[in-house]
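As structure tokens, the structure follows; a few thoughts come after it.
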Amino acid sequence: MLMRVFSKRTMVATMSLGCACAALAGTMQPNGVAFAQSAATSSAELKWGKWTYLQGDKAVQYRVAKLAQTGDVATLQYQLRIEPDNDISCYSERCEGYVIYLPVFDPVARDFVATHHLFFPAKSTVIYDVPEKISFPIRTSDTGRRFIDEATGLPMYEIFDEPGRLRVTEVLQACVDDRITNYADNRCTDFDESQAVTIR
């Protein structure tokens with residue numbers, strides 16, 4: 001499993017799951033910041049997993065749905081949102097929302113297929129579709145197995161030498177931090193403000 005640290009402090013990306021779909025149409029604001037507006041698309045036929053925290057100390061969550069399966073390879077859709085009525089961080093009047101540095105890893109390609117720089121305003125209610133559809137191998141080998149957990153919808157793997165220890169396959173290897181008014185610094189050192197898309 002690949003895990004990355006994107007922080008001035010030591011931190012490891014964790015993950016979460018969520019619900020509903022949105023397609024993005026970008027617009028450019030006078031200050032040069034790109035904004036994304038949501039256009040609803042139907043996701044009623046998809047079975048979404050549980051919302052899970054992208055990082056445990058921030059209120060940004062993700063969820064996963066299986067779009068299709070060909071042979072032993074499933075195609076997965078990821079979504080992000082801010083947890084409604086959350087009381088995790090960003091409670092200061094100076095907190096504008098969350099910056100997210102989001103590299104996307106494809107387990108079949110065994111490579112990063114995209115990197116996103118996102119900003120969720122603190123009161124955003126948008127559910128954001130991660131544009132990339134991720135391939136995930138559902139396989140069993142001599143050393144372990146990869147599968148989709150029925151309870152959470154998360155892609156998992158198990159190493160047979162460590163029975164009972166299940167791990168999430170890290171597809172969204174993210175860093176999340178608060179954006180504070182008049183304070184440009186944050187722990188996501190690879191986040192590029194000039195490439196940031198605001199999710200509205």
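Every number here is computed from the coordinates shown, using simple stated rules; none is lab data. All values derive from a computational prediction rather than experimental measurement. Heads up, the Cβs are rebuilt from the backbone with ideal geometry, glycines too, and the neighbour counts pull from every protein chain shown.
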Notebook entry, point to check: Rounded, prolate or oblate: which fits the stretch 21-199 when a ≥ b ≥ c are the square roots of the eigenvalues of the alpha-carbon gyration tensor, with rounded for a/c under 1.5 and prolate only if a/b beats b/c?
Noted result: prolate
Notebook entry, point to check: Using mean Cβ contacts within 10 Å as the protection proxy, how do 160-166, 142-148, 121-127 order, highest first?
Noted result: 121-127, 142-148, 160-166
Next item on the list: Can you pull the one-decimal nm distance between simple spin-label points at Glu45 and Ala151, each 7 Å off the Cα toward Cβ?
Entry: 3.0 nm
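Looking at the stretch 21-199 only, what percent of DSSP beta bridges run antiparallel? Nearest 5 please. Before the final figure, lay out the partial values.
Working: 54 of 59 bridges.
Around 90 percent antiparallel, to the nearest 5.
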Next item on the list: Pop out the Kirkwood hydrodynamic radius of the stretch 47-121 from its pairwise C-alpha distances, inverse of mean 1/r, in Å to one decimal.
Entry: 14.2 Å
